[in-house]
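The values are calculated or read from the model by the stated rules, or taken from the named source; none is laboratory data. Values in this document were obtained by computation on a predicted structure and should not be read as measured data. Here the Cβ positions follow ideal geometry from the backbone for every residue, glycine too, while neighbour counts run over all protein chains shown. Only protein heavy atoms, including side chains, enter the accessible area calculation; ligands, DNA and RNA are left aside. Shrake-Rupley method; radii C 1.70, N 1.55, O 1.52, S 1.80 Å.
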Amino acid sequence: MLSFISRRLLISIPTLIVISLVIFLLLNLAPNDPMAQVPLTVPPEVKQKMREALGLGQPLYIQFLKWLIQFFWIEPQVFIDYLFDTSFSEGKQRVISWQTRSPVMDIIVQRMPQTLWVVGMSYVVGILIAIPIGIYSAYKQYSVFDQVGTFVTMIGYSVPPFFTGVFVIVIFSVQLGWLPSIYDTTHSVVDWETFKIQLKQMVMPVMVLALQTTAMINRFMRATMLDNLNQDYVRTARAKGLSEWTVVMVHVLRNSMIPVITVIALNVPAIFGGAIITEQVFKVNGIGQQLIGAIYANDLPTVQTITFMFAVLIVLFNLLADIIYGILDPRIRYD
Amino acid sequence: MKIKSLFVGLAAVLIATASFAGRGSDGNVSIIYWQAPSILNPYLSSGTKDIESSSMIIEPLGRYTETGALVPYLAEEIPTVENGGVSSDLMSITWKLKKGLKWSDGSAVTSADVKFTADYCMHPEGGCAQLAKFDGVTSVSTPDERTIVVKFSAPKPNPYGPFMGGQSPIIQKKQFENCMGAKAPNCTDANFGPIGTGPFVVTEFKPNDVIQMKANDNYRDPNKPAFATVTFKGGGDATAAGRSVLETGEFDYAWNLQLAPEVIANMEKAGKGIAIAGFGPLVERLEMNLTDPSPDLDANTRATRKAPHPFLTDINVRKALSMAIDRTLLVEIGYGKAGDVTCDLVPAPDLYAAKNDYCMKQDIAGANALLESAGWKKGSDGIRAKDGVKLSILYQTSTNAVRQDFQALIKDWWQQIGVETELRNLNASVFFGGDPGSPDTFQKFYADVEMYANTFDGTDPQNYLSMYRCGNEPKPESQWQGENINRYCDPAYDALLDELSATGDLKKRGEIGIKLNNMLTKDSYTIVPLVHRGRVSAHAKSLGGVVLNTWDSELWNVADWYRIK
Amino acid sequence: MTDNNNITGKPRSKVRDVWDQFKSHKGALLGAIIFFSIVMLVMIGPFLWPFDANQIDIRSRNQGPSLLHPFGTDQLGRDTLARMMAGGRTSIAVGLAAMALSLFFGSFIGVTAGFYKKLDGILMRITDLFLSLPLLPLLLVMMLLFREPLSEAYGPERGMFVLIVVSIGITSWMPTARIVRADVLALKEREFVLAAKASGTSDTLIILRHIMPNVLSPIMVSATLGIANGIITESALSFLGLGFPPDFPTWGRLLNDAVDYIQQYPERVFWPGLAISLTVLSINYLGDGLRDALDPRMRKR
């Protein structure tokens, strides 16, 4: 196992470099112009000068090399400086956003709290709801509980968050006036009262997002549980006199987890990527909003950096999923 | 209920008579812009959101008022030829700073800061977004602490480019001294928290998210601003911004509510706030392509002056297309009180407005007759054609709910005059971007007709009208950059433009401006204006002092805002 | 494990088996009926209904439900029922086609990667790559490169259809691939696969007879989720100006346009929301029944 992990980690390095190159080429091939949001009143000559100031005139390979150096060499130095109060990175050019003319990493760090609070929490909530419901639905297939569960989760998945988000805002903020419709990113939790405010402003975006997660994971959980409940080994286990709880929750669940783990691992990086539409609807302004804003403004350094960090997480979590498969089912071998 | 409303009414009267209790006495005011500010230095970004948010912190020498008049801010008065501030040959302008001005850090504002501002923007490597404001400036000199003389290379009938309006505020020399040219992006702290003379100073700036501000202790009026702190939130969409002011009351002021009129009217019913409208020179228009965008042509000929358009070069076709449009209905459906029917490219200010009315009424029968007499006969499919050329139009615009409604309506009207229309909508960041590699930019104009809105800064339309000069069209040789979108070319128009740039007399300028406007619209139907668009913003009923200004930053008088108690 | 000796021998009886099982599944039958009614409605409806989806009647705009316009009219006076039917055609076609494409890619790559150890590494790294690509720039590039050629080859609307289906398809196959691969990794070490291998059965046969039937249920779940995903992604594309021409209604676009009017005219969000949900639900039940019917173990019960 250890050799498998280290081999995979080694392969990850060239994989990630190829991915970063592909992303870079894709972004440069896409029709884009960082001046797209500049008002039409600004004359073309001025726009051209602004483009040059952003370094757009340089050949592509130089732009890519610059980004590589900035991201892999200078940004870690900044991090070390931050940790140990050293000054390795002084005066060195970091990855700079074209929109804000400030380091991309600083903005990402600034946006981590609300992203993790809202998107991360919704994910945890979604998983915690989905798995038990999925198990019970499968165990009591076609019971009233299963039918209602299926109905609600499928509707939850088929109505997009741009609708559910606005719907809950109209009900809970406009009609009832219970919850704020705009997320306050400057709010800091220091005591019980501020914690309650934080809960209030989180509740709607978290639930809207959790609805999607729940629906997805619940469907896979139910389906694979059903598959396994009909397997011969279940009959054998029951015949051996194991308790129903042990049969279902240990044997069946363990064998059913593989697709569910895959789905969960696939979507964990998405927490970091944020939830573009939901963030927009509730003005959470997390990393998802940063990414989509940068895409609209054609702020390539920001898009490149965020998508690349996203890629790192994807590679890592898929590796993690592969490791967990081996633990869940020892017959799976990778050598 | 009655007692309460009586009390509110009484309070309003009291406020109207008694003015402010003093600086910082009204607590917090919260503003929402659905586009979030990304930087507080308008010289590095010309987005409206950036210019307007920074206008609360840094100020120019003078601003435009809500009527388009000029009003001094940091200057003692607006220099004119009459008061001797502008030289009679129109080659220089002399500004004088108010006495005793202080930066928010307590140091004095001097003419050196003003000169530095010009140097900062005119630095060749800086990529200054407001460079056009400094067009033609040869030198900026400072004879004394409070006097600034700006010299131009040619007579400037409108010398109010530099240091005037939200686009050109004064920045502090001390703070930005080491941020010139290529070093500009390294000055994150300065760009995110400029030291200014405005009513507020930044306490925290989260780019593309939120700004926290507090009252400036050194603001020149000791009683202002009435608010101690400001929360300036950005992001989301116009609907949500409107809702947060008009329906839930979470915010006090929402900017630019581009929403269907009935949506705004419905939100207002909640009783928490008021929608206000103001008009600048913004016009939603159809641009006619005078060149052939056919994909069969090679890349160096397609949509260039080498290939004239097969049917849009016929003025009768352009005129008929304009006649078929019911502009009153467009306004009613798309803009409500934030729009007016217009037949002009320059609908404001009054001096330059032609106030034409040739297009006010829809005339489908007239349009049909015109096409018929011009030889465009209906075929069996109901589409008019002449000499094998069919009136078949590709009509493109950016993605936006109102624009798509307009497209559907106009397609329907054109159908009625025997013109076939294919609609296309494009992502705004591609359509308005200038990527020469993309076929979908508005400059490249690979379509027959396109629709968008444009405007000009300040109150002088000279540069705006100069866009339609012959040779200024986007073309392959200029990497498809250029502002003459229609590829319009008329020597008489160019001659008149030259006359305009040499004329100082305002009345004369107005007359020439109107002539130029008519050449593009009424006389040639090259540009078919649709709607004179205003701006709708909303404020809470408890927020007083708001004066919506479309000629300058909307937050131009934020120092005068107060809480109605 | 599976009684596979009659697959080639008596195909009719197998089909009948499946049908019998499917018939006895009430949910599946109901799902099938609803789904086919929706399909029929959107296919035939526009020919019978007097209003055209793009017919503007400005005098009767913003009307509520009435006998003349059972679903009401929109802000330009277009009949909502006509738009729902026209929109359904596009949405269901896009949803089904994109789902089919993504399932095909996903299952093919998943099974290949899971079954052939040598290909696993490279295929999964490609999956990682596709997962990391930012969707919007990718679509912009595809539009840039393929819109004009496709539009010339198939006309603007068909060309766009192909482009949208392919874009949704190639950006959504990765989860299916990873899920299928994970299942295959476990399956191929099971006794019955090892036994089949030992008895010299060819790889293709092993995959078709032993592997595929056992990964059917996650594929079915992916399929139902994929339909919803296809319909909603299409609406996001239109919203961004990357989709069909603006006078081309789809359910997603109708829903999107109606969200602003949610307070004044709630029925406008209700109809497309209901239509999307009903379609997805009916396909979900249909899929459930189909899976039960195709699963030999269930059939034996």
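If you go through the range B:176-212 and keep only what is under 15 Å from B:Leu555 (Cβ atoms) and either within 12 Å of another protein chain (Cβ to nearest Cβ) or surrounded by fewer than 21 Cβ atoms within 10 Å (Cβ to Cβ) (or both), you end up with just B:Ile211. For the condition at negative phi, touching a helix residue (DSSP H, G or I) at 6+ places or on another chain (Cβ under 6 Å) and more than 8 Å from every other protein chain (Cβ to nearest Cβ), A:Met249 does not qualify. In summary, B:Ser501 fulfils each of the numbered conditions (1) under 14 Å from B:Met467 (Cα atoms); (2) open to solvent by less than 10 Å² (accessible area, probe 1.4 Å) with the single exception of condition (2). Scanning the range B:387-414 for residues that are modelled with pLDDT of 90 or more and assigned to a strand (DSSP E or B) yields B:Val389, B:Lys390, B:Ser392, B:Ile393, B:Leu394, B:Tyr395, B:Gln396, B:Thr397. Residues in the range A:78-94 that are in a loop (DSSP other than H, G, I, E, B) and surrounded by fewer than 20 Cβ atoms within 10 Å (Cβ to Cβ): A:Asp85, A:Thr86, A:Ser87, A:Phe88, A:Ser89, A:Glu90, A:Gly91, A:Lys92, A:Gln93.
Among the residues that make up the range A:112-133, is at least one of them part of a helix (DSSP H, G or I), within 13 Å of chain C (Cβ to nearest Cβ) and either touching a His at 6+ places or on another chain (Cβ under 9 Å) or open to solvent by 70 Å² or more (accessible area, probe 1.4 Å) (or both)?
No, because not a single residue in the range A:112-133 is part of a helix (DSSP H, G or I), within 13 Å of chain C (Cβ to nearest Cβ) and either touching a His at 6+ places or on another chain (Cβ under 9 Å) or open to solvent by 70 Å² or more (accessible area, probe 1.4 Å) (or both).
Restricting A:Val104, A:Val109 to residues that are within 14 Å of chain B (Cβ to nearest Cβ), under 17 Å from A:Gly288 (Cα atoms), touching a Ser or Thr at 6+ places or on another chain (Cβ under 6 Å) and at pLDDT 85 or above narrows the list to A:Val104. For the range C:177-189, indicate whether the set of residues that are assigned to a helix (DSSP H, G or I), crowded, with 21+ Cβ neighbours inside 10 Å and more than 14 Å from every other protein chain (Cβ to nearest Cβ) is non-empty. Checking the range C:177-189: not a single residue is assigned to a helix (DSSP H, G or I), crowded, with 21+ Cβ neighbours inside 10 Å and more than 14 Å from every other protein chain (Cβ to nearest Cβ).
Residues checked against (1) at pLDDT below 85; (2) within 30 Å of C:Leu290 (Cα to Cα):
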{"residue": "A:Val170", "(1), (2)": "no, no"}
{"residue": "A:Ser188", "(1), (2)": "yes, no"}
{"residue": "A:Lys200", "(1), (2)": "no, no"}
{"residue": "A:Met204", "(1), (2)": "no, no"}
{"residue": "A:Ala210", "(1), (2)": "no, yes"}
{"residue": "A:Met225", "(1), (2)": "no, yes"}
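Checking each residue of the range B:133-145 against the condition of being open to solvent by 50 Å² or more (accessible area, probe 1.4 Å), in contact (Cβ under 8 Å) with a residue 24 or more places away in the chain and closer than 18 Å to B:Pro42 by Cβ gives at least one match. The criterion of at least 1 residues that are open to solvent by 30 Å² or more (accessible area, probe 1.4 Å), of a type in the set (S, T, N, Q) and under 30 Å from A:Tyr325 (Cβ atoms) is met, among helices (runs of 4 or more DSSP H) falling completely within the range A:159-266, by A:192-229, A:232-239. Please tell me if B:Gly544 is open to solvent by less than 30 Å² (accessible area, probe 1.4 Å), within 21 Å of the chain's Cα centre (by Cα) and touching a residue at least 24 places away in the same chain (Cβ under 8 Å). No, not satisfied. Residues being open to solvent by 10 Å² or more (accessible area, probe 1.4 Å), on the phi < 0 side of the Ramachandran plot and more than 10 Å from every other protein chain (Cβ to nearest Cβ) are entirely absent from the range A:283-292.
For the range B:510-532, the candidate set comprises residues that are open to solvent by less than 30 Å² (accessible area, probe 1.4 Å) and assigned to a helix (DSSP H, G or I); within that set, the residue that is farthest from B:Asp340 (Cα to Cα) is B:Ile512.
Which ones in the range C:233-256 are part of a loop (DSSP other than H, G, I, E, B) and at the interface with chain B (Cβ under 10 Å from one of its Cβ atoms)? Matches in the range C:233-256: C:Leu240, C:Gly241, C:Leu242, C:Gly243, C:Phe244, C:Pro245, C:Pro246, C:Asp247, C:Phe248. Listed residues A:Thr185, A:Thr153; which is closer than 23 Å to B:Phe251 by Cα and either within 24 Å of the chain's Cα centre (by Cα) or within 14 Å of chain C (Cβ to nearest Cβ) (or both)? Going through A:Thr185, A:Thr153 in turn, the sole match is A:Thr185. Just wondering, is there one or more residues in the range B:81-91 that are within 14 Å of chain A (Cβ to nearest Cβ) and either over 18 Å from B:Val140 (Cα atoms) or modelled with pLDDT under 90 (or both)? Within the range B:81-91, not a single residue is within 14 Å of chain A (Cβ to nearest Cβ) and either over 18 Å from B:Val140 (Cα atoms) or modelled with pLDDT under 90 (or both).
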